[in-house]
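A.B. asks: One structure coming up, written as structure tokens, with questions to follow.
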Amino acid sequence: MKTTVLEKKNVLDEALKKIQKPGIKEILQVQQAIIRGTHEFMFEKNLVQMMPLMLSPITDPLNHSVVDASIEYANQKWSLMKSMIFHKQLAVSNPELAAIYIVSPNVRLELADRQETGRHLFEFTQVDFEFNNKNKEFVMGFMEELINYLFSYLNRQIPEILIKLRGQLLPEYEKLAVYRTEELEQEYGDDAEIKKSLDCKEPFWLLNHKREFYDREDPSKPGTYLNYDIIWPLGFGEGLSGAEREYDYKQILKRMEETGTDKTVFKNYLSAAKSGLLVPSAGAGFGVERMTRFICQLKDIDEATVFSRKPFSELIF
């Protein structure tokens, strides 16, 4: 069915209305302060900033379906970056890059079932970080410290904007509560993560997700995984995802078999693992727009953007 002139005009009107929406400046100032505060925190903690990549022969295969986004260039297939997980893991093998971070634009062409979740964009930015020879406890403590640093930073830098958008300044948290996926699924059933989020007033950690091959399996408890997510409360959902990484060649092969990963795509990554280049590491990435949405108490994450990036929406800019 052809799109009519009137329908095209309505799409244009909606796009222009979004650009002109009152309050967008304050929302973007919150986002700007998140990035600025993150840079200051990372500099104080001696993490080296690495510039992002947007194309690579390998990228995160993810643990859910998305539309494949790839191009042919120089007789090679390149994918749009979903996450720099493998690049981080390789980079920290250099002792001089033992602690790194990236403000990384990512493209995940989500399917139509994620159009109205209020939590998904098909283009977004995440702050990725990775540490050589660190474990999940270290990364969890690091991220808790970062959240409190950022919230305190925003309270000092833009208090009037926070009060306008959310009615109060941002809180400071003690140690975040920790839950396990299998326990919440037993208590809540389907969609346990979001149901628990709706029940909570503070962010919490959620451990032990069965997902991609690069999340390290606990060698002392086969079938459990050394990964961790931060879940924003009040129904805002996942805000960070991270894990200790698989680095042993045979274990990576085992996990690839279990997850049905195409080994040919990752042949060079596997060669690096087989040669012993990969080292024990752990890291995470938090979504900038998702943190903005939680801080500003926005109904939909798309309100944190000037140009809409809702999955499967008709867009003209």
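The values are calculated or read from the model by the stated rules, or taken from the named source; none is laboratory data. Just so we're clear, the structure is a prediction, and the values are computed from it rather than from any experiment. Backbone-built Cβ (ideal geometry, glycine too); neighbour counts: all protein chains shown. We work out accessible area using only protein heavy atoms, side chains counted, and drop any ligands, DNA or RNA first. Shrake-Rupley method; radii C 1.70, N 1.55, O 1.52, S 1.80 Å.
A.B. asks: Check which residues have an amide H placed less than 5 Å from LEU109's amide H, if you skip close sequence neighbours.
C.D. replies: Amide H to amide H, under 5 Å and 5 or more residues apart or across chains, LEU109 pairs with VAL67.
A.B. asks: Could you list which residues have their amide H under 5 Å from that of SER83, counting only those 5 or more apart in sequence or on another chain, with H placed in the peptide plane?
C.D. replies: ASP60
A.B. asks: Cα convex hull of the stretch 8-122: mean projected area in nm², to one decimal?
C.D. replies: Directional mean of the projected Cα hull area for the stretch 8-122 stands at 10.7 nm².
A.B. asks: Let me ask something additional. For the chain, what is the calculated [θ] at 222 nm in deg cm²/dmol (nearest 500), taking -39500 (n - 2.57) for each run of four or more DSSP H residues and dividing by its residue count?
C.D. replies: Theoretical 222 nm ellipticity from helices: -11500 deg cm²/dmol.
A.B. asks: So what is the relative contact order for the chain, in percent, with contacts set as C-alpha pairs under 8 Å and at least six apart?
C.D. replies: It rounds to 22 percent for the chain.
A.B. asks: Let me ask another. Enumerate the calculated ³J(HN,Hα) couplings along the stretch 11-22 in order (Karplus 6.51 cos²θ - 1.76 cosθ + 1.60, θ = phi - 60°), each rounded to whole Hz, writing x wherever the residue is Gly or Pro.
C.D. replies: 5, 5, 4, 5, 5, 5, 4, 5, 4, 8, 4, x
A.B. asks: Oh, and also: Give me the 1.4 Å probe accessible area per residue for the chain, excluding ligands and nucleic acids, in Å².
C.D. replies: Spelled out: the 1.4 Å probe surface of the chain, per residue, equals 51 Å².
A.B. asks: Moving on. Go through 20-31, 197-208 and give me the packing order, highest mean Cβ count within 10 Å leading.
C.D. replies: 197-208, 20-31
A.B. asks: For LYS82, give me every one of the aspartates and glutamates with a C-alpha distance below 14 angstrom, ignoring sequence neighbours fewer than eight places off in its own chain.
C.D. replies: Cα-Cα hits under 14 Å: ASP60, ASP68, GLU110, GLU123, ASP128, GLU212.
A.B. asks: Now a separate question. Measure off 7 Å from each Cα along the Cα-to-Cβ vector at GLU183 and LEU277, then give the distance between these two points in nanometres to one decimal.
C.D. replies: It is 4.0 nm.
A.B. asks: Now for a different question. Please compute the volume of the convex hull spanned by the alpha-carbon atoms of the chain and report it per residue in Å³.
C.D. replies: Output value, Cα hull per residue: 159 Å³.
A.B. asks: Under a cut-off of 17 Å between alpha-carbon atoms, report the aspartates and glutamates in cross-link reach of LYS25, not counting same-chain residues fewer than 8 places apart.
C.D. replies: GLU160, GLU289, ASP300, ASP302, GLU303
A.B. asks: Expected output is a single nm value to one decimal: the length gained when fully extending between GLN32 and LYS263, i.e. 0.36 nm times separation in residues minus the C-alpha distance. What is it?
C.D. replies: Using 0.36 nm per residue and subtracting the Cα-Cα distance, I get 79.2 nm.
A.B. asks: List the GluC sites (Glu not before Pro) within the stretch 145-243 that fall in a DSSP loop (any state other than H, G, I, E or B) and whose Cβ has at most 16 other Cβ atoms within 10 Å.
C.D. replies: The qualifying sites are GLU172, GLU174.
A.B. asks: Step through the residues of the stretch 141-157 one at a time and calculate ³J(HN,Hα) from phi using the Karplus curve (6.51 cos²θ - 1.76 cosθ + 1.60, θ = phi - 60°), rounding each to whole Hz and writing x for Gly and Pro.
C.D. replies: x, 4, 5, 4, 5, 5, 4, 5, 4, 5, 5, 5, 4, 5, 4, 7, 7
A.B. asks: Taking H placed 1.01 Å from N in the peptide plane, check which residues at least 5 places from GLY237 or on another chain put their amide H under 5 Å from its amide H.
C.D. replies: TRP232
A.B. asks: Checking the cross-link filter: which lysines have an alpha carbon closer than 16 Å to that of LYS21, excluding same-chain neighbours under 8 positions apart?
C.D. replies: Correct list for LYS21: LYS164, LYS299.
A.B. asks: Something else now. Based only on Cα atoms, what Rg/Rh ratio does the stretch 72-222 have, Rh being taken as Kirkwood's radius?
C.D. replies: Rg/Rh: 0.99.
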